[in-house]
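J.: Below is a structure I'd like to ask you about.
The values are calculated or read from the model by the stated rules, or taken from the named source; none is laboratory data. Predicted model, so just to flag it, every value in this text is computed and none were measured. Counting neighbours? That spans all protein chains shown, and the Cβs are built from the backbone with ideal geometry, glycine included.
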């Protein structure tokens with residue numbers, strides 16, 4: 001029983017480390033290597049009228065994640081947001097050529113979820129994204 005409990009605790013710890021009260025996270029995975037894209041700059045903006053207002057920017061951690069991306073001092077508001085992954089700079093820093101200098105992902109925060117997650121699956125000449133959880 002003690003072994004089973006230790007195993008269960010050890011297997012849940014990595015999952016729990018991503019839990020956060022912050023309403024927005026991102027994750028970048030390099031499909032070419034099957035590895036996280038660490039140290040990639042990502043910018044968060046909110047749409048206000050015809051303009052984009054910068055809310056935050058950060059670099060992905062060793063796991064390719066930014067787990068707390070929404071500014072802690074701002075309440076989450078419904079609206080249109082944009083996360084821009086600075087892929088060209090990341091590929092250049094990793095001595096690789098790429099086609100897309102950046103990947104903007106525009107999405108809606110409608111208030112129905114407590115947490116929004118934007119994953120990016122990346123290769124030098126293509127990408128895909130979806131609403132994660």
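Results for (1) within 18 Å of residue 115 (Cα to Cα); (2) touching a helix residue (DSSP H, G or I) at 6+ places or on another chain (Cβ under 9 Å); (3) at pLDDT 95 or above, shown as yes or no for each residue.
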| site | (1), (2), (3) |
| --- | --- |
| 18 | yes, no, no |
| 29 | no, no, yes |
| 32 | no, no, no |
| 39 | no, yes, yes |
| 53 | no, no, yes |
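J.: Suppose the filter is at pLDDT 95 or above, more than 15 Å from residue 104 (Cβ to Cβ) and in contact with a strand residue (DSSP E or B) (Cβ under 8 Å, 6 or more places away or on another chain); does residue 45 pass it? Break it down stepwise before answering.
T.: Working: at pLDDT 95 or above: yes; more than 15 Å from residue 104 (Cβ to Cβ): no; in contact with a strand residue (DSSP E or B) (Cβ under 8 Å, 6 or more places away or on another chain): yes.
So residue 45 does not fit the description; no.
J.: Among the candidates 128, 123, which residue alone is touching a residue at least 60 places away in the same chain (Cβ under 8 Å), over 24 Å from residue 54 (Cβ atoms) and out of contact with any helix residue (DSSP H, G or I) (no Cβ under 7 Å at 6 or more places or on another chain)? Write out each step before concluding.
T.: Numbers: 128 fails: touching a residue at least 60 places away in the same chain (Cβ under 8 Å).
Of 128, 123, the one residue that is touching a residue at least 60 places away in the same chain (Cβ under 8 Å), over 24 Å from residue 54 (Cβ atoms) and out of contact with any helix residue (DSSP H, G or I) (no Cβ under 7 Å at 6 or more places or on another chain) is 123.
J.: Scan 41, 55, 29, 24 and give me the residue that is touching a residue at least 40 places away in the same chain (Cβ under 8 Å) and more than 18 Å from residue 128 (Cα to Cα). Talk me through it step by step, then tell me what you get.
T.: Details: 41 fails: more than 18 Å from residue 128 (Cα to Cα); 55 fails: touching a residue at least 40 places away in the same chain (Cβ under 8 Å); 29 fails: more than 18 Å from residue 128 (Cα to Cα).
Of the residues listed, the single one that is touching a residue at least 40 places away in the same chain (Cβ under 8 Å) and more than 18 Å from residue 128 (Cα to Cα) is 24.
J.: Can you tell which of 114, 50 is exposed (fewer than 14 other Cβ atoms within 10 Å of the Cβ), without any contact (Cβ under 8 Å) to a residue 40 or more places away in the chain and more than 30 Å from residue 32 (Cβ to Cβ)? Reasoning before the result, please.
T.: Details: 114 fails: without any contact (Cβ under 8 Å) to a residue 40 or more places away in the chain.
After applying the criteria, what remains is 50.
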